[in-house]
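One structure below.
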Amino acid sequence: MIHICQGYSLTDARHASMFRDRKALFVDLLGWDVPVVDDAFEIDRYDTDAALYLIALDEGGQHIGSMRLLPTVHGHLLSDLFADLCDGDIPRGCGIMEITRLCLPQRLGCAGRLAVRNRLITAMVDYALGNGITALTGVVTAAYREQVLAMGWRAEPLGPS
């Protein structure tokens, strides 16, 4: 099941398990220097009421993967932290959202993470098509961009590739 919501509440077990898994992945495993709340939850300044979350849940309602979409009409990662990656103007607008914080827990194994990633991407595309989103941005590695292209997407680098 994919739970789609705008904003979050740590009293919601689905949201709390997502932020716990984000900490396990981004802070504990990858060593990112990002905020951690109550030594348990990776929550940054972009986790606001404007953020849209797509949360994949197992049969028991626990997080097995997620991604965050940020509106680009206000500050977002590409504009605030990675503007130097763009050769020209940073894409912004009501129909443009930034994909960020794709979280696929290690406990799922490689095949499990791939299956959940594909479900999340499908849900994201369905949501975008139904809600006037015409473009998506994100900061990705060149290798991941190649995976996106292999899925049949049109994707253009905004700066040096």
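The values are calculated or read from the model by the stated rules, or taken from the named source; none is laboratory data. From a predicted model like this one, the values you see are computed outputs, not experimental measurements. Ideal geometry is used to build each Cβ from the backbone, glycine not excepted, and the neighbour counts take in all protein chains shown. Just so you know, the surface numbers come from the protein's heavy atoms only, side chains and all, with ligands and any DNA or RNA stripped out. Shrake-Rupley method; radii C 1.70, N 1.55, O 1.52, S 1.80 Å.
Yes/no per residue for (1) within 15 Å of the chain's Cα centre (by Cα); (2) aromatic (F, W, Y); (3) modelled with pLDDT under 95:
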| position | (1), (2), (3) |
| --- | --- |
| I4 | yes, no, no |
| L10 | no, no, no |
| F19 | yes, yes, no |
| W32 | no, yes, yes |
| E42 | yes, no, no |
| G60 | no, no, yes |
| H74 | no, no, yes |
Checklist entry - Quick one: what pairs do we get from region 24-50, first residue within 16 Å of S66 (Cβ to Cβ), second of a type in the set (V, I, T) and outside any loop (DSSP other than H, G, I, E, B), C-beta under 9 Å, 6+ apart or different chains? => result V27/V36; V34/V27; E42/V27; E42/V36; I43/V36; I43/V37; Y46/T100
Item to check | Given (1) open to solvent by 70 Å² or more (accessible area, probe 1.4 Å); (2) free of Cβ contacts under 8 Å to residues at least 60 places away in the same chain, number of the condition D87 does not satisfy | outcome: (2)
Checklist entry - Restricting attention to region 119-142, does a residue exist that is over 19 Å from G93 (Cβ atoms), modelled with pLDDT of 80 or more and of a type in the set (V, I, T)? => result yes
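For region 1-14, which positions are farther than 18 Å from R117 by Cα and touching a residue at least 24 places away in the same chain (Cβ under 8 Å)? I'd like the intermediate steps shown before the answer.
At the first step, the residues of region 1-14 found to be farther than 18 Å from R117 by Cα are 6-13.
The answer is Q6, G7, Y8, L10, A13.
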Checklist entry - Which members of region 133-161 meet the condition of being open to solvent by 50 Å² or more (accessible area, probe 1.4 Å), over 25 Å from D28 (Cα atoms) and in a loop (DSSP other than H, G, I, E, B)? => result T134, M151, G152, W153, R154, E156, P157, L158, P160, S161
